[in-house]
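Student: Handing you this structure, nothing more for now.
Nothing in this text is a laboratory measurement; each read-out follows from the coordinates by a stated rule. Since this is a predicted model, take the numbers as computed values, not measurements. Counting neighbours? That spans all protein chains shown, and the Cβs are built from the backbone with ideal geometry, glycine included.
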Amino acid sequence: MMKSDFFSGLAENNRELLLKVPMSDIHNHSTKGCRRSWLAEQLNMVLPDPPEKFDGLSGMQEWFTREIKPYCTGKEGIILRWEGAFAEAKRNHIVRLAMNFGVTEIDLVGGMEPFRKMIDGFHQKHCPDTVFEPEITYISLCNVEEETERMDQFVSDGYFRSIDVCGGENLRPIEDFLPLYRKAEQFHLIKKMHVGESGPAEDVRKAVEILGLDEVHHGIRAADSKDVMRFLAENKIQLNVCPSSNVMLGYARSFKDHPIKVLYESGVNVTINTDDLLIFDSSIENEYLLLYRAGVLSAEQLNEIRLLGNRPRSRSI
Ligand SMILES: [Zn+2]
């Protein structure tokens, strides 16, 4: 039984059992979505271990650019890492995978047609039974006007299910992104954004209200405000949380003190995800295990979170 595998896996610290349990990963940056050991094997080399902590988002980017990227660079490197993300979905019995893809990478491989063909090929090859929900992502410093104008070429075929903005908070006012999200709405995309990872709780509410977000990537700082948590709970806004990422980037003090506990216990819908598993050297079963072993949430609570993540969400109307 799947259910008992999950409970025994946690209680016995048994990874093999946990790997058999259906899980989801819905906050995953595709170019960093493969395991380091998988990539090392493909490249036939040893890749360095990540440090225990990074100096924020920029420290992480620097480490990645210096230590990993030189060995899997350019178009071929990106394609290899994309394939690795699907290989990991198979290994980890991911039944629902929402991965985000940057427009720059899609351009790099020649646009939507070759991109789709390639990604669908990896999906079919590694994990055809996984519900796959592609997400289009923009970096916060993108040229909003230009990207809004050319969004059609990426989303008009209906391939993408959701939109996201990532790459640093508070680099510009939230209102700046309105044109992108209005256009996304015309294409019925589920609206998400990276917010409340480093920025304050109030920003999470603001982003949801201004852009009409359906879900939030991270959003952990909402735990600092009872008001914002109540707002998220009442409006059923789900936070896609990535514990290892938060701890290693210094946005959560430790696993033991991770805000997911307060969020969950305040009635906010949360899911557990990997973010950039190539960098943080974790994987989805490990995230559940780390939270359980740190005593953050009980097996029953973690199971409830797991089941919520596994439920595919319907398109925005
Ligand atoms: Zn992220």
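Student: Only Lys, Arg, Asp and Glu count, each charged at its Cβ (+1, +1, -1, -1), so figure out the dipole size of the range 36-90 about its Cα centre, rounded to 20 debye.
Tutor: 160
Student: Per the Cauchy relation, a quarter of the hull surface: what is the mean projected area of the convex hull of the alpha carbons in the range 91-132, in nm²?
Tutor: Computing the convex hull of the Cα atoms and averaging its projections yields 3.1 nm².
Student: Can you tell me which of 295-301, 185-191, 271-277 comes out highest on packing, and rank the rest after it, using the mean Cβ neighbours within 10 Å?
Tutor: The most tightly packed comes first, giving 271-277, 185-191, 295-301.
Student: Taking the Cβ of Asn235 as the centre, find all other residues whose Cβ is under 10 Å away and add up their charges (Lys, Arg: +1; Asp, Glu: -1).
Tutor: Once all neighbours under 10 Å are counted, the net charge is 0.
Student: Charges on Cβ only, +1 for Lys and Arg, -1 for Asp and Glu, centred on the Cα centroid of the chain; of Val95, Met229, Phe154, which one is farthest towards the dipole's positive end?
Tutor: It is Val95, whose Cα lies furthest towards the positive end.
Student: Also: Take each complete run of DSSP H in the chain, measure how far its Cα atoms stretch along the helix's own axis, and keep only those covering 18 Å or more with mean Kyte-Doolittle hydropathy at least -0.5; list them.
Tutor: Span-like helices, by this rule, are 74-91.
Student: Let me make sure I get this right: for the chain, a, b and c are the square roots of the gyration tensor eigenvalues over alpha carbons, sorted descending. Under 1.5 in a/c it's rounded, otherwise prolate if a/b > b/c, else oblate. Which is it?
Tutor: rounded
Student: For the range 260-276, take each phi angle, set θ = phi - 60°, evaluate the Karplus expression 6.51 cos²θ - 1.76 cosθ + 1.60, and give the result in whole Hz per residue in order, putting x for glycine and proline.
Tutor: So the Karplus estimates, Gly and Pro as x, are 4, 5, 5, 4, 4, 6, 9, x, 7, 6, 10, 10, 10, 9, 9, 6, 10 Hz.
Student: A 19 angstrom limit on the alpha carbon distance is what I want to check against. Which of Lys32/Lys183; Lys20/Lys236; Lys32/Lys69; Lys32/Lys90; Lys69/Lys191 exceed it?
Tutor: Lys32/Lys183; Lys20/Lys236; Lys69/Lys191
Student: For the chain, with only Lys/Arg (+1) and Asp/Glu (-1) charged at the beta-carbon, what is the dipole magnitude about the Cα centre, in debye rounded to 20?
Tutor: 680
Student: A further question follows. Which one, Leu308, Val216, Gln42, is farthest towards the positive end of the dipole of the chain when Lys and Arg carry +1 and Asp and Glu -1 on their Cβ?
Tutor: In the chain, that residue is Leu308.
Student: Name the residue farthest towards the positive end of the dipole of the chain from the options Cys142, Phe115, Phe177, assuming +1 on Cβ of Lys and Arg, -1 on Cβ of Asp and Glu, about the Cα centre.
Tutor: Highest projection toward the positive end goes to Phe115.
Student: A follow-up question, please. Can you compute the helix-only [θ] at 222 nm over the chain? Use -39500 (n - 2.57) per DSSP H run of at least 4 residues, normalise by all residues, nearest 500 deg cm²/dmol.
Tutor: That calculation yields -13500 deg cm²/dmol at 222 nm.
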